[in-house]
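The values are calculated or read from the model by the stated rules, or taken from the named source; none is laboratory data. Since we're looking at a predicted model, the values are computed, not measured. For neighbour counting, all protein chains shown are included, and Cβ atoms are generated from backbone atoms with ideal geometry for every residue, glycine included.
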Amino acid sequence: MHALPDVKVVDVSKKFGTKIVAVDNVSLEVYDKEYFSLLGPSGCGKTTLLRMIAGLIEPSEGEIFIENKPVSKLPPEDRGIGFVFQTYALFPHMDVWDNVTYGPRVKAWEKSKSESVGREMLEMVHLYERKTALPHELSGGMMQRVALSRALAAGGRLLLLDEPLGALDAKIRLELRYEVRRLVKDLELTAIHVTHDQGEAMAISDRIAVMKKGKILQIGTPQELYTNPKHIFVANFIGENNFLEGYVTKTSGGKVQIELRGGLAASGSDTFIKEGERVVLAVRPETFTIEKGQKKRANSLFGVVERVRYEGTNIRYEVRLENEDMVVVVRPSLMGEWFSTGDRVTLSFPSEKSYVFPYPSRGLQEELAVE
Amino acid sequence: MPDSKLVQRLDRISSKPLVRNSVYLGSVVFFFGVILVPPILGIFLKWNAMDEVFQDPALMTRASSAIYASFGIAFLVAFLGLIAGLPFAWFIARGKSRWLSIIDTLADIPFIIPTVTLGYSLLLFWNRPGGVSQLFDGSTPLVPEGWLLIALLHFAFSYPAVVRVIVGAILDYKVVYEEASRTLGAPPLTASRTVTLPILKSSLIAAFTLAFSRSLSETGATVMVAGLFETGVVFINNTRVLRQEGPMVFVSLVLILAASLVYLAIRLLGPRFKIPVTRVWPYAERKLSDFKVTVFRDSLTNLIFIVIVLIPSLFIVLPVVGALTGGTLNQAVAGTGVWQGYWQSLLLSYVVATVVTLLNVVLSLPVAVLIARKRWGAGASTALDVLSNVPLIVPSIALGASMGIFWRNFAFVPEVALIIFAHLSITYPYFVRTMVGAIERVTMDLEEASRTLGARPFTVFRTIIVPLTKYSLFAGTIMMFARSVDETGATLAVVSQLKTVPVLLVDWVKRPAEVGATPFDIALGAGVLVLFSFVILLVLRYVVRGRH
């Protein structure tokens, strides 16, 4: 059973002017001590939602609760939060120490307490020895760690992180994302983390809300979102997918028979699709098995290898099917047979690991678009 | 449309280092030969004349008092301007009132009113019968001519400049710092005091310096409202009228040196000056961030603006209406009586301003490029940067006095050329400062991208720099033109026969009986100056907009 919701967002919208709806009637609950991520492409409203939770923007409609108290009328300084900005926002005229102890100072904590908290937080991010440095003297990773320790030192139990790793080099980003999660868990905080990087969200979150155009499409654990996407956009945005268009020819017991373009046959799993409906079959690249020649069996598709890319851990094949659709197949590089450009191959996949979605009314490309 | 042959030729020859360096060298020679050296050298040519002051203790006391008064008033005005201007700028930049755009526009009004007009308007409002004195004891002026009236005048014209600089800084400021402070628990006032203000410190210092130097330098309006009280510039004007060269040279020299020292001190010590951020009074500052206190602060700051700046600045409208409805307008149009010389002066003012603007645009742009792009190295760039500020920080009448002495050694130089030289010096920094800032904002990447695509240096200049700095180019040109039309101090110091409009108006105010000018004449004369300035600004704006 979940703990009580630490943050509750109820029917919240944010409109800028009369035309722009940045956040559209969103509701969600973030549980106590949970690491929660808001994931979505640029402009989907995730930062606006986070800033409303922080009190930096007022919602146009709806209410936000923190620890069961409505906070929409409360200024940011009274919400008991820590906020980590994408650009760090370290005060350029203060050194590391003054930045980190700023929160305790403006809250009039006793000097000894301010100092012990400042020291503890800086030691936790291994930067105590740089306490006299000015922000511009630090590397990007250091600045981010100072920003994090500053937010933590203010004593809030809710940590809000707005693309906190977005401005860092790839390698440092990978290191820091685990460090951030470790700190949050060690200190038993609740965290809401905004990111557009699905790998980052998957790696650090207990649960993720996927957003698009101001709305939440699905909330779930990383595994749920990956293995059981409820929306075609989620299926595409989390991980990678092949989308094959077709019509449902038969449904029975949660299984769906589909006739793909060019008369190819395949089957997938879904209980809500009706016969005759236009659908999109989604199959992840790693779900396919690939073998040489044309071997007729259930859920098999024939094609020719058009491109091969070695990616280290995996090999990536682009295969042109008989109906001219292109699918991507990813196989571990150290296992199984390797194929070459021009090889005729058979691709197969288990129907229970594919998903069938109704064909989007606005068109497939429009529904999958991230911008 | 293909480029004309002349442009193509200029593009081609701009690739030659010799040509480029000749253009830069020419502009630097112009800067030293016309803008900087004559206004400084003139004083040294009359070095010995200063003995008169050293040998006369009474004269020395009078001169010293005048100099102290100049600096005292400038400091007071700049300090109060900053104290009162900061909350008003905050209100304009961050406020949510629906009247904000109107207040924002009103705040610029004292900008477009030439200071001599402003001076006469304030004189009528605070001092003359029919002004605010009537609300109290009408028999005596509420504010007599003297230091307080000078301070009120200087506050009125420097306040909008202070507000404009701070509003710009607040709008450019990254709000994320303040947001970070709020999320860490700071109430709005604490966030502003400990984070925003320290980050805006350089702009606050710039605003203070601007108000200080404007107060120190303003001459025409100050002479109008000073009465018998003497500041440095009034002293120079009085001694100039009496042809007392020694005291004039002495006070000019001291003002030039002291202003330069103050400017240098602000530049050197400014970065070290720290706004205290470590002490925090959470409860008091939270109370002061309260909505009611904020409303009170905004109301007070608006009241100060309306009562001290806006109404006195616009008070001249009343006598102008009187002049328009009475017979003064007919006299003015017919050019009879006191108006005989007015139109000639107006023409002179605008011809001089046009010539000065054109010359400075052409001859100072290469210097702006040299400073912004450090073409001759960082040292040369810093030196030129500091030196080009000198005419801005030194009282214009002191520069004019020195320049007059210098150029009168060359008998062939006509008086109109003296006025042009004086105005070139005074207006030069306005354009260079604006263009240096604008060119610095165009990143080098763009220039380099243009060069790698095959553009020659002049092509880069006209296709990248000019289009991306066109608004600053326009703003700098306008400022220079308006400053030239408004310029009184240096003009007073160099003329003997010719009179630009501000000089003529000062004459009308100081000697109304002798020249036969009524208050309606003076008000209409000052009003026409505002009208012409306004029309020219609108035309220039239209032309620039039409082109782009």
Among (1) assigned to a strand (DSSP E or B); (2) more than 14 Å from every other protein chain (Cβ to nearest Cβ) - the single one residue A:83 does not satisfy: (2)
Can you find a residue that is of a type in the set (Phe, Trp, Tyr), away from every other protein chain (no Cβ under 14 Å) and surrounded by fewer than 17 Cβ atoms within 10 Å (Cβ to Cβ) anywhere in the stretch A:35-47? no
Condition first: modelled with pLDDT of 90 or more, more than 21 Å from residue A:34 (Cα to Cα) and within 13 Å of chain B (Cβ to nearest Cβ). Can you find one or more residues in the stretch A:116-123 that meet it? yes
From B:282, B:247, B:271, grab the single residue that is surrounded by 13 or more Cβ atoms within 10 Å (Cβ to Cβ) and either under 24 Å from the mean Cα position of the chain (by Cα) or more than 14 Å from chain A (Cβ to nearest Cβ) (or both). B:247
Taking the stated definitions as given, is residue B:543 at pLDDT below 85 and either assigned by TED's automatic domain parsing to the domain that holds residue B:423 or among the hydrophobic types (A, V, I, L, M, F, W, C) (or both)? yes
Residue among B:265, B:284, B:323 that alone is assigned to a helix (DSSP H, G or I) and either among the β-branched types (Val, Ile, Thr) or in contact (Cβ under 8 Å) with a residue 12 or more places away in the chain (or both): B:323
From (1) within 28 Å of residue B:318 (Cβ to Cβ); (2) of a type outside the set (D, E, K, R); (3) touching a residue at least 60 places away in the same chain (Cβ under 8 Å), pick out the condition that doesn't hold for residue B:512. (3)
Those residues of the stretch B:426-456 which are under 24 Å from residue B:477 (Cβ atoms) and in contact with an Asp or Glu (Cβ under 8 Å, 6 or more places away or on another chain), in sequence order: B:426, B:427, B:436
Go through A:54, A:89 for me and flag whichever is within 13 Å of another protein chain (Cβ to nearest Cβ) and in contact with a Leu (Cβ under 9 Å, 6 or more places away or on another chain). A:54
Within the set of pairs 6+ apart or on separate chains, which have a first residue in the stretch B:79-105 that is buried (at least 17 other Cβ atoms within 10 Å of the Cβ), a second that is not in a helix (DSSP H, G or I) and not charged (D, E, K, R), and C-beta atoms under 9 Å apart? B:91/B:97; B:93/B:173; B:103/B:95; B:103/B:97
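This table checks each residue for (1) surrounded by fewer than 16 Cβ atoms within 10 Å (Cβ to Cβ); (2) not β-branched (Val, Ile, Thr); (3) not assigned by TED's automatic domain parsing to the domain that holds residue A:217.
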site: A:321; (1), (2), (3): no, yes, yes
site: A:332; (1), (2), (3): yes, yes, yes
site: A:335; (1), (2), (3): yes, yes, yes
site: A:341; (1), (2), (3): yes, no, yes
site: A:345; (1), (2), (3): no, no, yes
site: A:354; (1), (2), (3): no, yes, yes
Hey, among A:148, A:152, A:168, A:158, which residue is within 14 Å of chain B (Cβ to nearest Cβ) and either over 20 Å from residue A:32 (Cβ atoms) or among the basic types (Lys, Arg) (or both)? A:148
Can you name the condition, by its number, that residue A:357 falls short on among (1) touching a residue at least 40 places away in the same chain (Cβ under 8 Å); (2) farther than 28 Å from residue A:251 by Cβ; (3) not in a loop (DSSP other than H, G, I, E, B)? (2)
Any hit, the stretch B:287-300, residues being among the hydrophobic types (A, V, I, L, M, F, W, C) and not in a helix (DSSP H, G or I): no
